[in-house]
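Worksheet: the structure to be examined is printed underneath.
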Amino acid sequence: MIRFDAVSKEYPGGTVAVDELSLTAPSGTITVLVGPSGCGKTTSLRMVNRMIEPTSGTITIDDRDITSVSATELRRGIGYVIQHAGLFPHRTVVDNVATVPMLTGTGRRQARSRAVELLERVGLPAAFADRYPAQLSGGQQQRVGVARALAADPPVMLMDEPFSAVDPVVRDQLQQEFLRLQQELGKTIVFVTHDIDEAIRLGDTIAVLAVGGRLAQVATPAALLATPADPFVAGFVGRDRGYRALAFMSAEVALAAEPAVALGSPLARARDVAVDDWVLVVDENDRPQGWLHLPAHPAGGPGPAPGEVGPALLNLGGTLAPVGGTLREALDAALSSPSGRGIVVDDAGRLVGSVSAATVLDHVHDTAADTPARGGA
Amino acid sequence: MTSAAGSAPWDLFGYFADHREQVLELLWSHTWLSVLPVVVGLLVALPIGWLARRYRWAYPPIVSVTGLLYTIPSLALFVIMPTLLGTQILDPLNVVAALTVYTVALLVRVVADGLAAVPEDVLQAATAMGLTRLQLLRMVQLPLAVPVIAAGLRVATVANVSLVAIAATIGIPQLGQLFITGFQLSVSGPYYPPIVLGIVLCVALALLLDRLIVLSARLLTPWQRVVTAR
Amino acid sequence: MNEVLVWLNDPQNWTGTRSTPGIGDQVAAHLAYTAVALLIAGGIAFPLGLVLGHTGRASWLVSVANGLRSLPTVGLLILLYVMVSPLVSGRGDAVYLVPTEIALVVLALPAILANTYAGVRNVSPAVRDAAFGMGMTGRQVLFRVELPNALPLVFSGVRSAALQVIATATIAAYVGLDGLGRYVYDGLASRQFGEMAGGAVLVAVLALLVDLLLALVQRVTVSRGVSGRFSRRAAGGDGRTARITELAAADPDDLSPAAGDPAATDPVPVPEGSGGRSTG
């Protein structure tokens with residue numbers, strides 16, 4: 001557990017970067033510091049490993065004042081990941097990862113073999129071990145950065161916009177793997193970002209900071225979306241937060257049975273089971289393939305054989321919602337489906353049933369009626 | 001050559017007063033011997049540097065050859081030039097030619113690297129607007145490479161002012177001549193004025209030319225002033 | 001040109017006689033002056049450049065050293081000689097050696113200092129931040145991170161200094177010292193063009209060889225990750241394409257459409273060294 005107790009940082013000249021910050025980052029969870037540039041989020045993070053010394057206040061890790069050990073000793077026990085990874089250009093990937101263990105006296109051989117393990121853990125094949133950082137893409141460098149921070153198996157990790165410098169596709173992937181990794185490792189993580197979507201996706205707790213280093217709100221992602229503490233937080237959290245909040249409600253809605261036909265079935269059979277002119281088409285394993293709109297194909301059309309349901313006839317619109325997923329996924333499936341019926345599938349991707357947008361909205365309505373009236377925090 | 005003035009270092013003003021005409025003449029030859037190679041060298045280095053940037057395969061050989069030229073000591077070049085040019089050993093042209101070689105050797109790489117430092121997206125945008133290769137060079141690449149090229153010119157110019165003086169030891173007159181004079185007059189005891197005067201004028205000339213390049217570069221790149229002014 | 005070859009081919013010039021040293025002796029003397037000057041200049045400028053670069057303090061010292069570049073070395077040499085000669089007369093070569101070495105040290109200082117300083121300063125802030133952040137001490141950051149990354153520039157400074165010192169050591173003969181400059185000035189005095197140009201050619205060859213040697217040392221000392229000389233070797237065929245396909249296959253990030261695009265996967269090689277020799 002990391003605790004900030006009335007921590008301030010004022011620079012000579014009177015600029016206040018962090019103003020009386022009191023905050024607790026619980027053990028084994030991800031605490032995200034989020035805010036616009038100039039809100040002191042990075043300064044706050046860097047005070048934890050004493051890259052910046054606070055002007056006043058104390059920071060403790062597991063109830064030990066961080067000033068009770070030397071800065072270097074403190075830092076060797078804290079993983080640190082930064083925006084551009086900051087890999088050492090003159091060292092190979094494996095030696096980069098092995099840096100801290102070797103600083104603390106682990107043998108070269110042991111440090112390196114552990115480093116190779118870690119590389120695989122962050123999704124890099126062992127073949128990358130002997131490359132130099134300049135030979136890697138930005139996303140790969142960031143993976144190495146994470147592996148390097150994990151090398152000494154520190155209980156605490158500080159991450160300063162680690163995924164900001166990579167493209168959205170890679171970022172999405174890195175975030176996903178980071179969550180998976182955290183599930184296995186259960187580190188105490190403080191994570192800085194300016195991206196509220198990233199904060200909501202990754203954070204167990206989110207601390208929103210306002211310009212001038214003022215802590216505006218600390219809350220879980222769902223609470224932050226549901227009840228912003230003040231206009232600043234409301235503005236920062238963004239416009240479609242009502243829709244995003246659905247991502248924190250599980251979709252315990254009743255599913256309707258959805259009739260389907262298999263690929264290759266006769267069109268006549270499709271006509272028999274269709275509801276409102278639309279019929280779902282699945283493969284031999286019951287996995288949804290697309291929708292068939294019957295009025296568009298009165299007598300069949302291009303296909304393996306005339307009069308059969310072929311892949312070329314299908315409308316591929318419609319996302320799939322997983323069973324036990326969130327309301328957001330269920331609503332999205334319904335809204336994006338050409339038939340208006342959102343398809344729900346199980347873990348293996350097999351058809352379970354369907355849900356309509358109206359059903360989802362009714363459920364939202366009922367849930368809202370159950371929760372107590374919302375007020376300012 | 002002895003004068004009414006004394007032999008202490010600070011008697012350089014008296015020495016200058018006594019030998020005004022001769023010293024100014026030496027200063028003038030020193031100036032053109034230093035500047036002409038830079039001007040010619042830049043004109044030669046620009047197209048070669050451009051080639052090295054334009055054709056990827058040309059970069060390594062061009063940079064290696066110019067690097068080799070750069071290793072040849074200037075005094076050696078002064079002495080070898082007559083064989084290559086068929087000039088007399090005391091012809092000032094040897095100095096100009098030798099220092100031009102030297103300047104080209106230094107500037108080719110600077111020009112190539114300066115052109116290479118122009119951001120790729122700027123080039124793409126300019127090309128997309130329909131600029132021809134020559135317009136691209138004249139309107140985009142050269143202006144943006146000015147700071148880098150100017151830095152190279154400063155190094156070459158300051159080095160040249162110092163190197164020209166060396167030629168005095170083989171008998172080509174310019175400010176270096178003052179050192180030789182002082183050396184020869186010091187047989188019976190130190191005679192400082194011409195030596196100190198020579199050093200002061202050399203340093204002043206180097207600094208003046210350096211400032212001139214900085215100023216012209218600044219005039220050529222008004223956008224940089226905006227950035228630094230912030 | 002013929003005269004030069006005749007002079008260089010004359011075995012007597014190489015072995016020397018009882019009274020006159022041979023070319024071998026003069027090369028050795030030339031190298032000795034050079035080595036002493038470089039060691040002293042390096043001994044001052046290298047640690048100073050490291051410390052100034054690491055702390056970022058007193059950068060005006062670098063500007064002052066750069067100002068030394070505008071001093072004409074011949075003038076400085078003669079000034080020092082005139083100053084020193086009354087003090088150390090009668091102590092053999094010291095009267096020539098002391099002024100020469102001081103002038104050569106002054107010549108070598110700026111290049112080594114400025115390049116070492118720039119090399120350390122140029123280390124990316126993210127790299128320095130990461131090094132401190134993982135718990136390295138200031139000394140560890142300097143020697144394990146900043147120095148290895150500064151090496152290309154340090155070497156370019158040392159090589160530039162070595163070239164200038166070898167070239168300028170030639171003038172030492174003008175005030176009376178040995179070295180290859182002897183041939184240039186003796187040849188000039190006696191109108192022996194072959195000897196004069198022969199000496200000049202030898203200086204050029206010596207400069208070239210020393211630069212080559214330093215380039216070799218640089219090649220083995222500088223990490224390939226910094227110099228950008230990555231192994232492009234791969235099993236058979238064109239190493240380049242093999243690497244690209246291997247990368248594309250093994251790259252977990254390249255799920256994007258750019259996957260097969262060589263430009264997207266081929267890492268941009270960092271140019272060896274940087275900038276002009278003495279532009280640092």
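The values are calculated or read from the model by the stated rules, or taken from the named source; none is laboratory data. Remember, predicted model here, so these are calculated numbers, not experimental data. No Cβ is skipped: glycine too gets one built from the backbone with ideal geometry, and neighbour counts run over all protein chains shown. SASA here: full protein model, heavy atoms, side chains in, ligands and nucleic acids out. Shrake-Rupley method; radii C 1.70, N 1.55, O 1.52, S 1.80 Å.
Things worth noting here:
- Inter-centroid distance (Cα atoms) of segment A:1-54 relative to segment B:57-80, Å: 56
- Annotation: C:Y81 carries an accessible surface of approximately 40 Å², with a 1.4 Å probe and no ligand, DNA or RNA atoms counted.
- Efficiency of FRET between B:L90 and C:L208 - r from beta-carbon atoms, R0 35 angstrom, step 0.05: 0.80
- Area projected by the alpha carbon convex hull of segment C:2-227, averaged over all directions, nm²: 15.1
- Segment A:169-313: translational diffusion in µm²/s, Stokes-Einstein, Kirkwood Rh over Cα pairs, 20 °C, 1.002 mPa s: 110
- The protein assembly as shown: equivalent-ellipsoid semi-axes (sqrt of 5 x gyration tensor eigenvalues, Cα, Å): 72, 32, 25
- Counted over segment A:82-211 with a bin width of 5 Å, the fraction of Cα pairs per bin, in whole percents, is 2, 11, 21, 23, 20, 12, 7, 3, 1, 0.
- For the peptide C:214-227, the mean number of other protein chain Cβ atoms found within 10 angstrom of a residue's Cβ is 3.
- Accessible surface, per residue, of the protein assembly as shown when the full set of protein chains is kept, probe 1.4 Å, Å²: 44
- Stokes-Einstein translational diffusion, segment C:30-113 - Kirkwood Rh over all Cα pairs, 1.002 mPa s, 20 °C, in µm²/s: 156
- Chain B: proportion of alpha-carbon pairs further apart than 24 angstrom, %: 54
- Stretchable slack from A:D347 to A:D172, in nm (0.36 nm times residue separation minus alpha-carbon distance): 60.9 nm
- Minimum 50 Å² accessible area buried by the other protein chains, segment B:63-109 residues, probe 1.4 Å, relative to alone: B:Y70, B:T71, B:P73, B:L75, B:V79, B:I80, B:T83, B:I89, B:R109
- Listed residues A:D153, A:D366, A:D197, most fluctuating in chain A (Gaussian network, C-alpha, under 10 Å): A:D366
- Gaussian network model of chain A, springs between alpha carbon atoms under 10 Å - residue of A:A152, A:A216, A:A260 with greatest fluctuation: A:A260
- Once the Cβ-Cβ distance of A:E20 and A:D195 is raised to the sixth power relative to R0 = 22 Å, the FRET efficiency obtained is 0.30.
- Neighbouring Cβ atoms from other chains, within 10 Å of the Cβ of residues in C:195-204, number 5 on average.
- Per-residue packing, averaged as other Cβ atoms within 10 Å, sorts the ranges B:63-69, B:102-108 into the order B:102-108, B:63-69, beginning with the highest.
- Expressed as a fraction of 2.2 N^0.38 Å, the value expected for a compact globular protein of N residues, the C-alpha radius of gyration of segment C:153-224 is 1.34.
- For segment A:206-258, the residue among A:A251, A:L225, A:A210 whose Cα projects farthest onto the positive side of the dipole built from Cβ charges is A:A210.
- Distance from segment A:58-118 to segment A:164-237 (C-alpha centre basis), Å: 24
- Chain B, dipole about Cα centre (Lys/Arg Cβ +1, Asp/Glu Cβ -1), debye to the nearest 20: 920
- Contact order normalised by residue count of segment B:70-212, Cα under 8 Å, 6+ apart, percent: 20
- Extending 7 Å from the Cα toward the beta-carbon at both B:V187 and C:A28 defines two label points whose distance is 3.4 nm.
- For segment A:70-86, residues shielded by at least 10 square angstrom of accessible area compared with the chain on its own, probe 1.4 Å: A:T72, A:R75, A:R76, A:Y80, A:I82, A:H84, A:G86
- Taking the convex hull of Cα positions in segment B:136-218, its mean projected area over all directions (nm²): 6.4
- A crude spin-label estimate for the pair A:R180 and A:T227, with each label 7 Å from Cα along the Cβ direction, gives 3.6 nm.
- Sorting A:W291, C:W60 by accessible area puts them as C:W60, A:W291; the probe is 1.4 Å, largest comes first, and only protein heavy atoms count.
- Heavy-atom accessible area with a 1.4 Å probe sorts A:H363, A:H293, largest first, into A:H293, A:H363.
- Dipole magnitude of segment A:260-363, debye to nearest 20 (Cβ charges: Lys/Arg +1, Asp/Glu -1, about Cα centre): 140
- Charge dipole of segment B:21-176 about the Cα centre (unit charges at C-beta), most positive-ward option of B:A151, B:I80, B:V63: B:V63
- Residue mean of other protein chain beta carbons inside 10 Å, B:166-176: 4
- Placing a label point 7 Å from the Cα of A:D5 along the Cα-to-Cβ line, the residues of segment A:35-76 whose backbone N sits under 12 Å from it are A:57-67.
- Dipole-positive endmost among C:L147, B:L185, B:V111 within the protein assembly as shown (Cβ charges, Cα centre): B:L185
- All-pairs alpha carbon distance profile, segment A:260-363, 10 Å steps from 0, percent: 17, 47, 28, 8, 0
- Peptides B:179-186, B:218-225 ranked from most to least packed by the mean count of surrounding Cβ atoms within 10 Å: B:179-186, B:218-225.
- Separation in nanometres of the label points that stand 7 Å from Cα toward Cβ, at C:V64 and B:W10: 2.2
- Most fluctuating residue given options B:V111, B:V40, B:V95, as computed from a GNM of chain B linking Cα atoms under 10 Å: B:V40
- Calculated FRET efficiency, B:W223 to C:T17, Cβ-Cβ distance, R0 = 56 Å: about 0.25 to the nearest 0.05.
- Kirkwood-based shape ratio for segment B:1-108, expressed as Rg/Rh from alpha carbons: 1.18
- Rounded to the nearest 100, the interface formed by chains C and B buries 3500 square angstrom of accessible surface, both chains summed, with a 1.4 Å probe.
- Where the Cα pairs of segment A:2-237 fall when distances are cut into 10 Å bins, in %: 8, 32, 35, 20, 5, 0
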